[in-house]
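The values are calculated or read from the model by the stated rules, or taken from the named source; none is laboratory data. This structure is a prediction, so every number in the text was calculated from the model and none was measured. Cβ sites come from the backbone with ideal geometry, for glycine too, and all protein chains shown count toward neighbours.
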Amino acid sequence: MTAPSHESRHARACRVIPGGVNSPVRAFRSVGGSPIFMRSAKGPRITDADGREYIDFVCSWGPMILGHAYPSVVAAIVKAAADGTSFGACTEAETEMAEAIRDCVPSVEKVRLVCSGTEATMSAVRLARGYTGREKIVKFRGCYHGHGDSFLIQAGSGALTFGNPSSPGVTRGSAQDTLLAEYNDLDSVRALFKACGDEIAAVIVEPVAGNMGVLVPEPGFLPGLRALCDGRKTLLIFDEVITGFRLGLAGAQGYYGVAPDLTTLGKILGGGLPLAAYGGRADIMDQLSPVGPVYQAGTLAGNPLATAAGLAMLAEVRKPGFYDTLNRRSESWEADLRGALKGASVPWCINRAGSLLTVFFAAGPVRDYASALKSDTKLYGRFFHAMLDRGIYLAPSQFEAAFLSAAHDDQVMARTAEAVKQAVAGL
Ligand SMILES: *Cc1c(COP(=O)(O)O)cnc(C)c1O
């Protein structure tokens, strides 16, 4: 019998799993080749099924802000598991988690725990519709809010990477209720409000866009959304599934000083286990069943393993100086990358917010969906493989963020910058 390879593992998976992946972003379609099968990870490093080690900048698409297999998080999971993995009844850990979120994110007075970011955004929009009695929502082209029907209209992330930002299977009715605006363009939102302002339940936005690559909100954009929503009694939803506990304890809303009505959280929240949340003003949240009429539920919601992991993770990021250190290191990460790319013969630009960063192969500036799409994705594919060959694992798509963790130390960063220099020279 020959030893398995990534190709043979992928071929085996493809026989029973569509495309061999349980989430399309894991496929290597846009960069070419077979996805790498992983076996274990520790700190900033991930090890594949053949035992080869990489420096990991995917970080499970954001959750691993402490690095992989962080000791106190692992210990909390092990301890919780020994006490039973699910009760379907109330636990004090759920209240502790809700209190911790409320304490960190000032706009959140009450919160519901769910199992995925998709569930959080779907539920937040249903709640906004129930609260306002209106049906339409505004989303931004290239933003991704999970795979709920209302959001798969010009969506980012895998939907954008694989060229079907609007999915078949979404009913015309759902599509009609989703209005599209342009990121960083308040006029595009104004026009929608002018046409049908009294029908818009909510504007949902990634305050830092992270799913068409990283796009930073220009000054005035987020405050402008706040003002437009206030003028029409429309709810403003910040989808902070990536930015929550990433840019700081209070997420992007703390970083930019704009408070939404509702917030969705995920990714980091569960410390690597399936946990997400949505929360906001108490009068809105109290529309939820069993207090109010808006229904939302979950058998495994607030699962004891997930809350244990999340609380252990929160205990670390709440230590004084955690984000100062992470953001300062991210700043020098950007400087290193700029140094490595200087004089490159290909067009490039870097967008960064805190520890989220994208190198676009485009002249830039990249500030909206149209400018993100100008990136040379073929070039990115070659860059991706050149980095992989040098032991650096990046997202297999131009339209994703690179994530830094607290475990990415100076040595790791220096090696990465050197690899970028070599990879770019060979393009
Ligand atoms: C990842 C993501 C989601 C979806 O979360 P899942 O846990 O994958 O369902 C929603 N919104 C944003 C901004 C995301 O990045």
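Only one of Ala362, Ala406 is more than 17 Å from the chain's Cα centre (by Cα), aliphatic (A, V, I, L, M) and surrounded by fewer than 21 Cβ atoms within 10 Å (Cβ to Cβ); which?
Numbers: Ala362 fails: surrounded by fewer than 21 Cβ atoms within 10 Å (Cβ to Cβ).
Going through Ala362, Ala406 in turn, just one is more than 17 Å from the chain's Cα centre (by Cα), aliphatic (A, V, I, L, M) and surrounded by fewer than 21 Cβ atoms within 10 Å (Cβ to Cβ): Ala406.
Could you give every pair whose Cβ atoms fall below 9 Å, whose first residue belongs to segment 142-155 and is of a type in the set (Asp, Glu), and whose second residue is within 11 Å of the ligand (Cβ to nearest atom), counting only separations of at least 6 or pairs across chains?
Asp149/Met122
Examine segment 197-205 for a residue that is crowded, with 18+ Cβ neighbours inside 10 Å, within 22 Å of Ala402 (Cβ to Cβ) and in contact (Cβ under 8 Å) with a residue 12 or more places away in the chain, and state whether such a residue exists.
yes
Tell me the helices (runs of 4 or more DSSP H) entirely within segment 76-179 that contain at least 1 residues that are closer than 25 Å to Leu288 by Cα and within 13 Å of the ligand (Cβ to nearest atom).
On the way: elements: 92-104, 117-132, 158-161, 172-176.
It comes to 117-132.
Specify which of the listed residues (Ser116, Ser123) is of a type in the set (Gly, Ala, Ser) and buried (at least 23 other Cβ atoms within 10 Å of the Cβ). Steps first, please.
Working: Ser116 fails: buried (at least 23 other Cβ atoms within 10 Å of the Cβ).
When all the criteria are applied, what remains is Ser123.
Taking segment 12-38 as the search range and keeping residues that are free of Cβ contacts under 8 Å to residues at least 12 places away in the same chain and among the small types (Gly, Ala, Ser), which one is surrounded by the most Cβ atoms within 10 Å (Cβ to Cβ)?
Applying the filter and picking the extreme gives Ala13.
Does segment 277-292 contain at least one residue that is of a type in the set (A, V, I, L, M, F, W, C) and either out of contact with any strand residue (DSSP E or B) (no Cβ under 9 Å at 6 or more places or on another chain) or modelled with pLDDT under 95 (or both)?
Yes.
Report, by residue number, each residue of segment 295-310 that is of a type in the set (Val, Ile, Thr) and either in a loop (DSSP other than H, G, I, E, B) or closer than 18 Å to Met122 by Cβ (or both).
To start, the set of residues in segment 295-310 that are of a type in the set (Val, Ile, Thr) comprises 299, 307.
If the condition is that a residue be of a type in the set (Val, Ile, Thr) and either in a loop (DSSP other than H, G, I, E, B) or closer than 18 Å to Met122 by Cβ (or both), then Thr299 is the only one that fits.
Hey, any hits in segment 82-90 for a residue that's surrounded by 12 or more Cβ atoms within 10 Å (Cβ to Cβ), at negative phi and aliphatic (A, V, I, L, M)?
no
Restricting attention to segment 262-271, which residues are in contact with a helix residue (DSSP H, G or I) (Cβ under 6 Å, 6 or more places away or on another chain) and either surrounded by fewer than 24 Cβ atoms within 10 Å (Cβ to Cβ) or not aliphatic (A, V, I, L, M) (or both)?
So in segment 262-271, the residues in contact with a helix residue (DSSP H, G or I) (Cβ under 6 Å, 6 or more places away or on another chain) come out as 262, 264, 266, 269-271.
Result: Thr264, Gly266, Gly270, Gly271.
Please give the strands (runs of 3 or more DSSP E) falling wholly within segment 207-290 in which 1 or more residues are within 16 Å of the ligand (Cβ to nearest atom), in contact with a Phe, Trp or Tyr (Cβ under 6 Å, 6 or more places away or on another chain) and in contact (Cβ under 8 Å) with a residue 60 or more places away in the chain. Break it down into steps so the answer makes sense when it comes.
Numbers: elements: 235-239, 262-265, 276-280.
Result: 262-265.
Anything in segment 12-47 that is within 23 Å of Thr377 (Cα to Cα) and either small (Gly, Ala, Ser) or outside the structural domain of Trp61 (by TED's automatic domain parsing) (or both)? List them, or say none.
The answer is Gly19, Gly20, Ser23, Ala27, Ser30, Gly32, Gly33, Ser34.
Would you confirm, using the coordinates I've provided, whether Ile284 is under 20 Å from the mean Cα position of the chain (by Cα) and either of a type outside the set (S, T, N, Q) or assigned by TED's automatic domain parsing to the domain that holds Glu96 (or both)?
Details: under 20 Å from the mean Cα position of the chain (by Cα): no; either of a type outside the set (S, T, N, Q) or assigned by TED's automatic domain parsing to the domain that holds Glu96 (or both): yes.
Against the criterion (under 20 Å from the mean Cα position of the chain (by Cα) and either of a type outside the set (S, T, N, Q) or assigned by TED's automatic domain parsing to the domain that holds Glu96 (or both)), Ile284 does not qualify.
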